[in-house]
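Everything on this sheet refers to the single structure shown next.
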Amino acid sequence: MLLQILEIILAAGVLVIALYLLLLELQYRRRLGNKLVATVGHWHLQVKDPQHYVLLGEMDLVNRTQRLEIMVPEIGAEVVLLSDGSLEGVTWQARVIPNHPDEPARADGYWFGYIVKIGKRTQVKIQVDIQGPDLSQLKTAWVKVHYLTYGPAGRIPKTRHVVVPLQFPEPQDSRNWRSTPNSEVLPIRTHLLTELDDPIQIVQRYVSPHAKPGDIVTIGETPIAIMQGRFRHPSEIQPGWVAKRLCYLFLPTSSLATACGMQSLIDIVGPVRVLAAFFIGAIAKVFGRRGVFYQLAGEQARLIDDVTGTLPPYDQFIVLGPDHPQQVVEAIQRETGLAAAIVDVNDLGAVKVLAATPDASIPLLNQALAKNPAGNANEQTPVVLIRPQPPLTPAP
């Protein structure tokens, strides 16, 4: 009897310990990592003279971690410049200046460890001095803000990538109208679109000077995603078991054929859905049905662009598909009066309309965009204006 009682006590003790460990694990998973993030902020360029530019940015560090304070003991910035010409002789120097609401910056420029309290934010100023013999050909500054977060999850380095355009074409630079059987199309050149831009403002700035009532404005799905900040550097992605194994089973040309590309999809829809889509798609392929995986895995499976999938500097990133594209086109029409569509077009004549306002004819879009007037290289014409034309009637 005594032995049975001891066994019951031992079993109860093991059960209590197991339950405690389970609760501890659940509590840990609920608080995995930290959610302190850097915002893209506001940036502007000061041209001191043709040999001296100053790029100024103001970014917020926001603590979105529930019930945890997060420290920022280190922060720094580096810059990659992109130009139409040589960068020989061009130099840059970046300064990070704290702009805390409760503590002044040090005169020596030292970044002292700062605690961002729960639900609070602090501000950081970035100043980039660029000097060189001729800076007129500079097009873009890719600023990498590296910051270290420190808290219960440990020491976690993070990077906020900010792409800042330095050149802006004039609307009248776009004048190359092209004829199609049922429309006239105008590829519209813009500056390098970034997360600092808004689709409505882009249409107002570059398209409205050319547009007439009845025109349709189309924007590529990748530029829309970039303006929404939907791009990730592979260094920020940690491929899991599923991504590392499934990626080998896709064609090399697929954006899902790398572990980071596949993990980007998994992070959106989850590993269970991706695995189920793969197994069902494999079975369907045996019976002659292709494309089932992409139907089941969701629209993002087709829209993800892996590294090298778009123009610099985004060729270093994985670009996701746009978020809520229908809401975007409706907002464009509401603010500009133009019919609008978000499209995915390639040089093989494939046109996929992700979203369109009701007055944008899908057959017309397919016909007008079949030759991909926006291009897939470095044309920097992500917007195309379509002007419908009545079909020619044969002479009697």
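Odds and ends about this structure:
- Estimated at 0.36 nm per residue, the fully extended path between Glu299 and Thr91 surpasses their Cα-Cα distance by 70.6 nm.
- The ranking of His191, His100 by Cβ neighbour count inside 10 Å, starting from the fewest, reads His100, His191.
- When the inverse distances between all different Cα atoms of the chain are averaged and flipped, the Kirkwood radius reads 24.5 angstrom.
- Separation between Cα centres of the range 228-302 and the range 52-131, rounded to whole Å: 36 Å
- Fully extending the segment from Gln167 to Gln367, taken as 0.36 nm per residue of separation minus the present Cα-Cα distance, adds 68.7 nm.
- Within the range 231-319, the ratio Rg/Rh, alpha carbon atoms throughout and Rh by Kirkwood, equals 0.98.
- Cβ charges +1 (Lys, Arg) and -1 (Asp, Glu), total dipole of the range 231-319, debye: 460 debye
- D_trans [Stokes-Einstein, Kirkwood Rh over alpha-carbon pairs] for the range 155-226, 37 °C, 0.692 mPa s, µm² s⁻¹: 229 µm²/s
- DSSP assigns beta bridges within the chain; of those with both partners inside it, close to 95 percent run antiparallel.
- 0 to 90° range, to nearest 10: angle between helix 271-286 axis and the chain longest Cα axis: 60 degrees
- Shown here: the range 237-375, whose C-alpha atoms stretch 48, 39, 26 Å along the first, second and third principal axes, sorted largest to smallest.
- Cβ-Cβ distance of Phe250 and Ile8, R₀ of 41 Å, FRET efficiency by 1/(1 + (r/R0)^6): the value works out to about 0.15.
- Of the GluC sites (Glu not before Pro) found in the range 311-396, the ones in coil according to DSSP and having at most 15 other Cβ atoms within 10 Å of their Cβ are Glu379.
- Relative contact order %, the chain, counting alpha carbon pairs below 8 Å whose residues are six or more apart: 15 percent
- Overall dimensions of the range 36-165 as given by Cα atoms, namely Rg and Dmax in Å: 16.1, 52
The numbers here are math on the coordinates, done by the rules we state, and not lab data. Since this is a predicted model, take the numbers as computed values, not measurements. Neighbour counts are summed over all protein chains in view; Cβ atoms, including those assigned to glycine, are modelled from backbone coordinates with ideal geometry.
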